[in-house]
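Structure record follows, encoded as structure tokens.
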Amino acid sequence: MTHTRTARPRRSCLAVPGSNPRFIEKAQGLPVDQVFLDLEDACAPLAKEGARLTIVNALNEGDWGDRLRVVRVNDWTTHWTYRDVVTVVEGAGPNLDCVMLPKVQDATQIRALDLLLTQIEKTMGFEVGRIGIEAQIENARGLINVDEIAAASPRLETIIFGPADFMASINMKSLVVGEQPPGYDTGDAYHYILMRLLMAARANDLQVIDGPYLQIRDLDGYRRVAGRSAALGFDGKWVLHPGQVEVANEVYSPGQQDYDHAELILDAYAWHTSEAGGAKGAAMLGDEMIDEASRKMALVVAGKGRAAGMRRTTTFEPPQEG
Ligand code: GLV
Ligand code: MG
């Protein structure tokens, strides 16, 4: 179950206000891996109730193709959460892949959502446990508790960084989301947070997603910030605007050369460890020594490439007996 959940690509995760039918319509034509219809911060308090129904309708009637369909509900400290979940899941449960829970502070908040989803699924006769949970970590308390949060439910699919709320939560001296705060003239001010999220996610076989970059016209800035989390191992990033989509899909996919190389390592290692290849544990691929750890690294890159629909451009030829 966990495996099929986490194998879904999430390079580009498009944020769409749930109260805007025009944007919802437009989202169905964009090449993103995930769309999330927002009932939280991109949806004004007075528009939230109507947006629940707009979302139900869009999930049931829209043409979402292969895109993951997610709804972000309001966090448990508000009075909206339960009605967000009940209305959306009762109304469109079979057409919904995940519920995104923002500002998660501890594991009980995930368990509460899990229990509510289970009751709705049972009442409505939906498959129990199919709908996943995406947990946004957006404040100091959430980060401190992220290990327990990441282990709190088999429904969890991803941990997501929420940089805007996070910067506010820790009083970071900057208003430019994702960029280094002025005065911090060494290293990356987000490194600890990103690594902490990555460890908690990977220790529990979850994906981990970077959050929004608000300067939507600065695609170089987006590429730079995305490149950092992608280099660490993050699986994708939010996109707020069609212009960011292509960059996200590219940055979080392996390059063609790396993808080809990973597939070659897998084939070469499979052959060398087989009877025909001499049942070796370590072997040479060109000038490179490969072993079981190489296979594991190659599996990650090949897995991301395959999930992104990449095609290999080379094939492995077993070496000729000399
Ligand atoms: C996203 O929700 C953020 O706060 O950055
Ligand atoms: Mg937020």
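The values are calculated or read from the model by the stated rules, or taken from the named source; none is laboratory data. Predicted model, so just to flag it, every value in this text is computed and none were measured. Methodologically, a virtual Cβ is constructed for each residue, glycine included, from the backbone with ideal geometry; neighbour enumeration extends over all protein chains shown. Areas reflect the complete protein model, heavy atoms only, side chains present, ligands, DNA and RNA absent. Shrake-Rupley method; radii C 1.70, N 1.55, O 1.52, S 1.80 Å.
Taking a cut-off of 23 Å between Cα atoms, list the lysines near K48, but don't count ones fewer than 8 places away on the same chain. Straight-distance partners of K48: K26, K103. DSSP beta bridges confined to the chain are antiparallel in about 10 percent of cases. Largest first, the three principal axis extents of the alpha carbons in the chain are 76, 55, 37 Å in whole numbers. Straight-line reach from K296: taking Cα to Cα under 12 Å and skipping same-chain neighbours fewer than 8 places apart, the aspartates and glutamates in range are E263. Probe of 1.4 angstrom, ligands and nucleic acids ignored: what's the accessible area per residue over segment 256-307, in square angstrom? That works out to 57 Å² for each residue. In segment 17-102, the DSSP beta bridges split such that about 0 percent are antiparallel, to the nearest 5. On segment 256-307, 59 percent of the accessible area sits on carbon and sulfur atoms, based on a 1.4 Å probe.
Farthest toward the positive end of the dipole of the chain, out of I120, Y259, S274, is the Cα of I120, where the dipole comes from beta carbon charges about the Cα centre.
Placing R0 at 41 angstrom, the Cβ-Cβ distance between D291 and D218 gives a FRET efficiency of 0.45 after rounding to 0.05.
Highest mean first, the peptides 149-159, 227-237, 190-200 sorted by other C-beta atoms within 10 Å per residue fall in the order 149-159, 227-237, 190-200.
Using the average count of surrounding beta-carbon atoms within 10 Å as a protection proxy, the listed peptides 16-28, 126-138 rank, highest first, as 126-138, 16-28. Peptides 283-290, 108-115, ordered by how many other C-beta atoms sit within 10 Å of their residues on average, highest first, read 108-115, 283-290. Over the chain, Cα pairs under 8 Å with separation of 6+ residues give a relative contact order of 15 percent. To put it simply, the accessible area of segment 74-178 at a 1.4 Å probe is 56 percent carbon and sulfur.
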